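Read the structure below first, then the notes.
What follows draws every value from the coordinates through simple rules; no lab data is involved. All values reported here derive from a predicted model rather than from experimental measurement. Here the Cβ is made from the backbone with ideal geometry for all residues, glycine too, and neighbour counts use every protein chain on show.
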2 protein chains.
Amino acid sequence: MPRFIGLLQVDSTVGNLTGNASRIERAASIAKEHGAAMAVSTELAISGYPPRDLLLQPDFINMSFDRATSLSVEIPVLVGTPVPTEDSRSLPANGVVRAGSLIAQPNGENTNRIVAKKQLLPSYDVFDETRYFHPSNRSGICRAIGGMDLGVTICEDAWQIAGLTPSSYGQDPIQNLAEWGRQGVKLDATVNLSASPYHADKVGSRIKVCRTAALTLQHPFLLANQVGGNDDLLFDGCSLVAWPNGTVVVAPSWQEGVLLVDLDQPENCRWIGMAEEDALSIGNDTLKIISSDSDGHEESAELIEDITDAVITGLADYCRKSGIKSIVLGLSGGIDSAVAACVACAAVGAENVLGIAMPSRYSSQHSLDDARYTAEALGMQFKIESIDEMHSTLESKIESVLSNGSPVARENIQSRLRGIIVMAHANAEGRMAVATGNKSELAQGYCTLYGDMAGGYTPLGDLYKMQVYALAEVFNSRASKSGLQPPVNSSTMTKPPSAELAPNQKDEDSLPPYQTLDEILRLHIEHTMDADDIVQAGFTREVVLDVLARLERNEHKRWQMSPAPRVTSKAFGQGWRRPLASRHDWRD
Amino acid sequence: MPRFIGLLQVDSTVGNLTGNASRIERAASIAKEHGAAMAVSTELAISGYPPRDLLLQPDFINMSFDRATSLSVEIPVLVGTPVPTEDSRSLPANGVVRAGSLIAQPNGENTNRIVAKKQLLPSYDVFDETRYFHPSNRSGICRAIGGMDLGVTICEDAWQIAGLTPSSYGQDPIQNLAEWGRQGVKLDATVNLSASPYHADKVGSRIKVCRTAALTLQHPFLLANQVGGNDDLLFDGCSLVAWPNGTVVVAPSWQEGVLLVDLDQPENCRWIGMAEEDALSIGNDTLKIISSDSDGHEESAELIEDITDAVITGLADYCRKSGIKSIVLGLSGGIDSAVAACVACAAVGAENVLGIAMPSRYSSQHSLDDARYTAEALGMQFKIESIDEMHSTLESKIESVLSNGSPVARENIQSRLRGIIVMAHANAEGRMAVATGNKSELAQGYCTLYGDMAGGYTPLGDLYKMQVYALAEVFNSRASKSGLQPPVNSSTMTKPPSAELAPNQKDEDSLPPYQTLDEILRLHIEHTMDADDIVQAGFTREVVLDVLARLERNEHKRWQMSPAPRVTSKAFGQGWRRPLASRHDWRD
């Protein structure tokens, strides 16, 4: 008899218990329809991940738990939910309950449905779980569910054995289960409920985790992962199953649906997307079968396509979950605002996006032409509002301050006047303003607080400048494939980047070439290399010191940036927990 | 023979290892000079508290530890420092080393100096310690230090026994030490190295903690607490000692210095302030002896004086530690900007503060007069920059957008133009802009992003509106006592609050009276009461629902507010860990 399990890859919204329950129910019904004997949701699927300080409210824990245990499903489903504590002075658990088939009991009497509690609680990078949860010291097993006996683990529980946690925990759930197996406990498979955040090529790490677990346990290891964007945290889905021989099947990214797993025949696995209009469905829906001789890492072309979809998902889900229908942004004719416009149009529809060109006396005609070209190619709304008159009025008013002070004051005025105009449209028309900055310039403070940094979301805020160009190529090639005009013209692609805030200004007057800048930043931020290490890697000391000094000096700006979808392994404000503005450089 | 211990109440700067070491050395030398046989620093005094993600850098841990163990001191000192782990896959400890008297060994060979590691790691409210540290399971004892044997604990270690931690830990260091005492381990006293953050009247809780510990241990219990501001976290000092009979001696708040404790005679305790020019010295330097029949809570007059000093310390230390010498702010003639100006002048000196009145067509003459009055009474710089012409130019430019959209767009324009002018002065002259908003209006979104919210620090951001009035009274009375003009005149104190962004606008047109609003907010934020509870407490349901709805709807603004010194038990962005903008209301 074939053994089918449905992995429910859904896009939970934090705090939306009713909506999340309904999404899980719909996915479970698809799984049943296609022959699954039981199904597995993602980590904390009922509450959404991460619920953060909502978890400090006991009512929230209780309501989540009650909702999870009383789901209306026709096959048994393992559901991720906070589990109430029995003692008011201890923390709740991050757990898994069994929904369906048993008869739900009135409030609070469903403790017999609890099948697992998370053992390894990550508290590094974007994770804070020891703040909210009490760890379990016992591995989970669920017997006789859909005719199978399953090991049950939750996200981090599976990562230590693969050596992919920064520090070691006092226990290892996979080793526990393997030890029980050696002692005669027979399991058909082990499942893992995950909310594993995305960064570029994270899927390669997850494949390694699942292969290690399957090999250790000597049975299939199945991981159901959350999909969608919750502010700056993205979840790519890519639910997967690994067999002890190294074969892996990976579900699509940025799509809601069900990965139907045939435990006995990898080639029988199927992906069934959710068809509802509000279902997340970005990128392609290809199922990947990866043989044991491949590590499953993405090729560079595939990687940049995936990053593009990640950035679109971030903005699209932020808007959907916050009830935002339309967007406004400044369109300067430069590469950043052109690509931000592409992302915005992909996220909420070109007809809901307004771009405003706001030339000053320093703007060139090509800027205006290029901005108009992009707007027309995308089919978005476009208007021109010159800031020239206001700029002159304001300058003459405070000329004595400007002419005796730092020249940056004069430049910032233009950026802030543009911020006012963009925000006036946002406030008047109920649009969200989108900030167009990228990670390279934000890292260097090459941006203006309350000016071009104004806006509720920063779609390119975790992309280095050269990645912004790469995204432009992706949008152009996607447009061409659909028979549309490529939205970023060659003038925008090739002209030297300029903020156009002073006569003949070029970014390279203040910053190293972006190829160099990006690489120095990457080595420092993502590989935690210091100046000496980076110089060793082949960069000029003076340049490196300048870049790191600007990075340090402009820290305050980054903490005022609106959420940016996480693309790199260390986004600002995530992996880097906000230090104090007043800290000294301890290496002095 | 008298037994004197010096508690070193110093203002550490996060990351400034050299500066912190030197402050500890200076304080230890004062302690020695006044007869102390040994001294005790505060928690993580060498690194500053909280070091946050600096703790993820092994070099930082090692350098802190080396600096702590090699302090140049003439009496032995117990110093708080991160303690390196022996294993690269585990976390460091939050520990205490013994400096002085032993001969310091070369790098890394000072492990024999480690006398304690923190056992209870708080991870709630503003604390994140399980993220950074591994807990110890062994209580600390330091023998033969200054001729005494001491129990050694670190901050939270002492709080569980008083029932003042939100959840219980698996162990209790004070109980451990008491049990050893019953088994015959004789100690002269137990010390506690703390970095216990301030909120109003926190000292009452600390007195309870120290009395409980002293009673349990049956010997004196001494707590050395950090003092000063680190961004939004404030530390009030108030180092203290409690005896088993309930007598308590408390050091002054907002002052750096040494509490010299005579273990045998409370009335012999002394406070010696640090005399250096850069030493923190705000408020008065009175030592308090509290007898066992008082709980040590502050009277309301004392409380508001202390809150005033807290807010001044926050801004003053933010400026000092960040190298900011001068401040600019908008001076509207209203109560908030008047009090913010008082704070700024107290923090950096009136001669370094510039107030700008920026009237629009909606501003009244009394606003301008009151602003000028405050500036002159304080002796700060003052100028007037009308925004009228820019306002008209901008309005006429985008009139079609404004006249068809939400009226808030038109109001925000004025606030944002003022933001540009303030920031132009900040950027040109190297001043920090200070935002003048209070907690009540920030909670309700009655403020403008990139407008009046612009600025690097928000000194009144954790004060309810009625507290701002109370601070005005304090500043007036302090001025009168010094024979100066009271800075807030009666017109500013008594006129109905108005944003003056539309004709005849009053805050009460949009918000409940501030007495009502403040109380609803306090019950919800600090006492976590929901709408039903608050209505039960005597408020009109409709008003309560409106207030809570605005609070929810304007969450995004609060996460973009610059640091505000924490005064209440739940400041925005601290006790309230940032939830996702996109979360739903789970109670729907």
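Enumerate the calculated ³J(HN,Hα) couplings along the stretch A:440-452 in order (Karplus 6.51 cos²θ - 1.76 cosθ + 1.60, θ = phi - 60°), each rounded to whole Hz, writing x wherever the residue is Gly or Pro.
Per residue, the Karplus-derived 3J(HN,Hα) values read 4, 6, 5, 5, 9, x, 7, 5, 10, 4, 6, x, 6 Hz.
Taking only the C-alpha atoms, wrap a convex hull around the stretch B:445-512 and report its volume per residue in Å³ as a whole number. Walk me through the intermediate numbers first.
Details: hull volume 8.3 nm³, N = 68.
Dividing the Cα hull volume of the stretch B:445-512 by its residue count gives 122 Å³.
Quick one: dipole size for the protein assembly as shown, taken about the Cα centre, charges +1 on Lys/Arg Cβ and -1 on Asp/Glu Cβ, in debye to the nearest 20. Provide the component values of the computation, followed by the final result.
Values: 102 positive and 146 negative charges, 229 e Å.
Result for the protein assembly as shown is approximately 1100 debye, rounded to the nearest 20.
At a Förster distance of 56 Å, what's the computed FRET efficiency of B:GLN183 paired with A:GLU552, Cβ-Cβ distance as r, to 0.05? The partial results should precede the final answer.
Details: r = 52 Å, r/R0 = 0.93.
It comes to 0.60.
Given a Förster distance of 30 Å, report the FRET efficiency between B:LYS288 and B:LYS495 from their Cβ-Cβ distance, rounded to the nearest 0.05.
On the way: r = 39 Å, r/R0 = 1.30.
The calculated FRET efficiency here is 0.15.
Rank the residues A:VAL79, B:VAL97, B:VAL348, B:VAL408 as a footprinting-exposure proxy: fewest other Cβ atoms within 10 Å of their Cβ go first. The partial results should precede the final answer.
Numbers: A:VAL79 33, B:VAL97 25, B:VAL348 21, B:VAL408 14.
Listed from fewest to most nearby Cβ atoms, that is B:VAL408, B:VAL348, B:VAL97, A:VAL79.
About the Cα centre, and with charges only on the beta carbon of Lys, Arg (+1) and Asp, Glu (-1), how big is the dipole of the stretch A:4-298? Nearest 20 debye, please. Don't skip to the answer; put the middle values down first.
Working: 21 positive and 35 negative charges, 158 e Å.
For this selection, approximately 760 debye.
If you place +1 on the Cβ of every Lys and Arg and -1 on the Cβ of every Asp and Glu, how big does the dipole about the Cα centre of chain B come out, in debye to the nearest 20? List each step's numbers first, then the result.
On the way: 51 positive and 73 negative charges, 210 e Å.
Charge dipole, chain B, about its Cα centre: 1000 debye, nearest 20.
Compare the Cα positions of B:TYR457, B:ALA435, B:HIS391 along the charge dipole of the stretch B:313-508 (+1 at Cβ of Lys, Arg; -1 at Cβ of Asp, Glu; about the Cα centre) and return the one farthest towards the positive end.
Positive-end residue among those listed: B:TYR457.
Say the cut-off is 30 Å between C-alpha atoms; which of B:LYS118/B:LYS202; A:LYS557/B:LYS506; A:LYS117/B:LYS208 go over it? Walk me through the numbers before you get to the answer.
Working: B:LYS118/B:LYS202 22 Å; A:LYS557/B:LYS506 33 Å; A:LYS117/B:LYS208 36 Å.
Among B:LYS118/B:LYS202; A:LYS557/B:LYS506; A:LYS117/B:LYS208, the Cα-Cα distance tops 30 Å for A:LYS557/B:LYS506; A:LYS117/B:LYS208.
Give the Cα extents of chain A along the principal axes, in whole Å, largest first.
82, 53, 51
So what is the relative contact order for the stretch B:357-417, in percent, with contacts set as C-alpha pairs under 8 Å and at least six apart? Don't skip to the answer; put the middle values down first.
Details: 37 pairs, mean separation 22.4, N = 61.
Relative CO of the stretch B:357-417 lands at 37 percent.
Counting other beta carbons within 10 Å of each Cβ, put A:THR216, A:THR448, A:THR85 in order, fewest first.
A:THR85, A:THR216, A:THR448
Could you tell me which residue out of B:TRP559, B:SER477, B:ILE534 lies farthest along the dipole of the protein assembly as shown toward its positive end? Charges go on the beta carbon: Lys and Arg +1, Asp and Glu -1, centred on the Cα centre.
B:ILE534
Put a label point 7 Å from Cα along the Cβ direction on A:GLN265, then list its distances to the equivalent points in the other copies in nm, shortest first.
Between copies, matching label points for A:GLN265 lie 9.4 nm apart.
Positive end of the charge dipole of chain A (Lys, Arg +1 and Asp, Glu -1 on Cβ, about the Cα centre): tell me which of A:ALA346, A:ALA99, A:GLY246 has its Cα farthest that way.
Result: A:ALA99.
Would you order A:TRP243, A:TRP254 from fewest to most other beta-carbon atoms within 10 Å of each residue's own beta-carbon? Show your work: numbers first, answer last.
Numbers: A:TRP243 21, A:TRP254 29.
So the ranking, lowest neighbour count to highest, is A:TRP243, A:TRP254.
Report ³J(HN,Hα) in whole Hz for each residue of the stretch B:135-142, in order, from the Karplus equation J = 6.51 cos²θ - 1.76 cosθ + 1.60 where θ = phi - 60°; Gly and Pro get x.
Calculated HN-Hα couplings, in order: x, 8, 10, 9, 6, x, 9, 10 Hz.
Over all alpha-carbon pairs in the stretch A:347-406, figure out the percentage whose distance exceeds 15 Å. Before the final figure, lay out each step's value.
Numbers: 1073 of 1770 pairs.
Every Cα pair in the stretch A:347-406 considered, those over 15 Å come to 61 percent.
May I ask you to derive the relative contact order of the stretch B:4-298, considering only C-alpha pairs under 8 Å and at least 6 residues apart, and to give it as an integer percent?
Values: 732 pairs, mean separation 50.7, N = 295.
RCO, the stretch B:4-298: 17 percent.
Multiply the residue separation of A:GLU508 and A:GLU351 by 0.36 nm, subtract the distance between their alpha-carbon atoms, and state the gained length in nm to one decimal. Don't skip to the answer; put the middle values down first.
Values: separation 157, 0.36 × 157 = 56.52 nm, distance 3.54 nm.
Gain on extension, A:GLU508 to A:GLU351, equals 53.0 nm.
Cα centroids of the stretch B:148-210 and the stretch B:1-17: how far apart, whole angstrom?
Cα centroid of the stretch B:148-210 versus Cα centroid of the stretch B:1-17: 18 Å apart.
Label position 7 Å from Cα toward Cβ: report the copy-to-copy distances for A:THR494 in nm, one decimal, ordered from shortest.
7.4
With loop defined by DSSP as not H, G, I, E or B, and exposure as at most 15 other Cβ atoms within 10 Å, which is the longest segment of chain B clear of exposed GluC sites (Glu not before Pro)? The partial results should precede the final answer.
Details: sites that count: B:GLU74, B:GLU86, B:GLU109, B:GLU276, B:GLU277, B:GLU299, B:GLU526.
Looking at chain B, B:300-525 is the longest stretch - no exposed GluC sites (Glu not before Pro) with at most 15 other Cβ atoms within 10 Å.
Grab the Cα-Cα distance for A:SER90 and A:SER406, subtract it from 0.36 nm times how many residues apart they are, and report the gain in nm with one decimal. Spell out each step's value before the answer.
Details: separation 316, 0.36 × 316 = 113.76 nm, distance 5.50 nm.
Here the answer is 108.3 nm.
List, shortest first and in nm to one decimal, how far the label point of A:GLU429 (7 Å from Cα along Cα→Cβ) is from its counterparts in the other copies.
The answer, with the shortest distance listed first, is 3.8 nm.
Give the relative contact order (percent, whole number) for chain A; include only Cα pairs under 8 Å separated by 6+ residues. Don't jump to the answer; show the numbers that get you there.
Values: 1250 pairs, mean separation 62.6, N = 588.
The value is 11 percent.
Over the alpha carbons of the stretch A:313-508, what is the largest minus smallest coordinate on each principal axis, giving the biggest first in Å?
Sorted largest first, the three principal extents are 54, 36, 29 Å.
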